[in-house]
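I have placed the structure first, in the form of structure tokens, so that the comments after it can refer back to it.
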Amino acid sequence: MYTVGTEEDIKDMARGAVFLGSGGGGDPYVGELYLRRQLIEGRAARIAKASELPDDAFVVSIAGVGAPTVLVEHLVSTNTLLRLLELSEKHYGRKVDALISAEIGGANSMFPLALGARTGLPVIDGDGMGRAFPHLEMTTFSVYGCPSTPCVLVDDSGNVAYVQSTTDRIAEDVVRAICASLGSMVYGCFYPMSGRQAKDLAVHDTISHTLEIGRRIRRARESQADPVADLLAFLNDEPNGRHARELFVGRIVDVRHETRDGWHWGEALINSGRGDEPEFSIEIQNEYLVARHRGRTVTVVPDLIAVLDAESAEPLTAEMLSYGQRVRVLGYSAAPIMRRPEALQVFGPRMFGINEDFRGVEHLVPRASSGLT
């Protein structure tokens, strides 16, 4: 177990969470501010390996649900998060022993840390995606047998909803409908599980991964080195089934944003400067779903797409993209547990309406082809 004990660590983790969020999960700066406030007041988040938990420990996921664009306006309420935990313990009939992120991307990586710091509960170094996804059922927890319900939902106005569903796909529809009716932003307690399930079903070591990604970007900037080159060297971990590629460098020449049905929809078009027409595109549904170079897919879900500011290498969420930005786009393979056939049936390309089969970024973009222009 280790403690997140400095503001620099929190900033690095938030930066890494944007990278792993593949554009989604909400702006972590909101959660970062809240977590820094806990540190200033003498409360630090404790991070534990799942292996440190007893098998009979009671673990839950705390997450925000809704459009990331709305989260920036709502910020985070201590009373709301504490009320959510209190209502959840009453509903489940037992005390919570530890928290785990449903997704490691963006703000949803920070909420469990902030609540853990506020309450003293440990947060497991892992999550259910190794990234962010827009649907509730798109987690390894759900794929491998731990349902998302019974769950508890609250909003900042005091509304409370309890959901019990027969499938997580139905839970997604019900939770999304509740979210849309409450202003497109609610907080929920999902995936009640045992310590044994957390050990068996989670994507492990993702909190420490956010810390290392953010730290490497910061240190490369401080030493005036190329952050992307250092990041690619770190992320390419072929013995463990992880691959990273630089996909494109250019300027955003068109971007569309729309908040609809509780989701952020959009598309970004990028040009290298060698002609007038866009050469690279990224489709968005809360997260970056598919990246194409001159119409050819170069990265697709569940693999991650990260968009970095070309000068600072600061990762950008989907709602941060704007006309004229110069960016570098990276593709990063999902954790191996996310690429299994049973997992691809839940969050592969066809589940997002993308009419193609999944192929890993390492096959779509061989190493020698990295940095397509």
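Of everything in segment 45-59 that is buried (at least 17 other Cβ atoms within 10 Å of the Cβ), over 20 Å from Val152 (Cα atoms) and touching a helix residue (DSSP H, G or I) at 6+ places or on another chain (Cβ under 8 Å), the residue that is modelled with the lowest pLDDT is Ala45.
Please go through segment 314-353 and pick out each residue that is among the β-branched types (Val, Ile, Thr) and at pLDDT below 95. Spell out the reasoning first.
Taking segment 314-353 and keeping what is among the β-branched types (Val, Ile, Thr), we get 317, 327, 329, 337, 346.
Within segment 314-353, just Thr317 meets the criteria.
Does Arg216 fit the bill of being of a type outside the set (Asp, Glu), touching a helix residue (DSSP H, G or I) at 6+ places or on another chain (Cβ under 6 Å), buried (at least 18 other Cβ atoms within 10 Å of the Cβ) and part of a helix (DSSP H, G or I)? Yes, satisfied. Tell me which residues, restricted to segment 232-249, are touching a Phe, Trp or Tyr at 6+ places or on another chain (Cβ under 7 Å) and assigned to a strand (DSSP E or B). Selection gives Ala244, Phe248.
Just wondering, is there one or more residues in segment 62-71 that are touching a Leu at 6+ places or on another chain (Cβ under 9 Å), at pLDDT below 85 and closer than 24 Å to Arg216 by Cα? Scanning segment 62-71 turns up no residue that is touching a Leu at 6+ places or on another chain (Cβ under 9 Å), at pLDDT below 85 and closer than 24 Å to Arg216 by Cα.
Residues of segment 302-316 that are within 21 Å of Glu279 (Cα to Cα) and out of contact with any helix residue (DSSP H, G or I) (no Cβ under 6 Å at 6 or more places or on another chain): Leu304, Ile305, Val307, Leu308, Asp309, Ala310, Glu311, Leu316. Among the numbered conditions (1) at positive phi; (2) part of a strand (DSSP E or B), the only one that Gly183 does not meet is (2).
Can you confirm whether Ala313 is at positive phi and buried (at least 18 other Cβ atoms within 10 Å of the Cβ)? Steps first, please.
Numbers: at positive phi: yes; buried (at least 18 other Cβ atoms within 10 Å of the Cβ): yes.
So Ala313 fits the description; yes.
Restricting attention to segment 234-288, the residues that are more than 20 Å from Pro315 (Cα to Cα), surrounded by fewer than 19 Cβ atoms within 10 Å (Cβ to Cβ) and small (Gly, Ala, Ser) total 3.
The values are calculated or read from the model by the stated rules, or taken from the named source; none is laboratory data. In this text the structure is predicted, and so the values were computed from the model without any measurement. In this analysis, Cβ positions are derived from the backbone assuming ideal geometry, glycine residues included, and neighbour counts consider all displayed protein chains.
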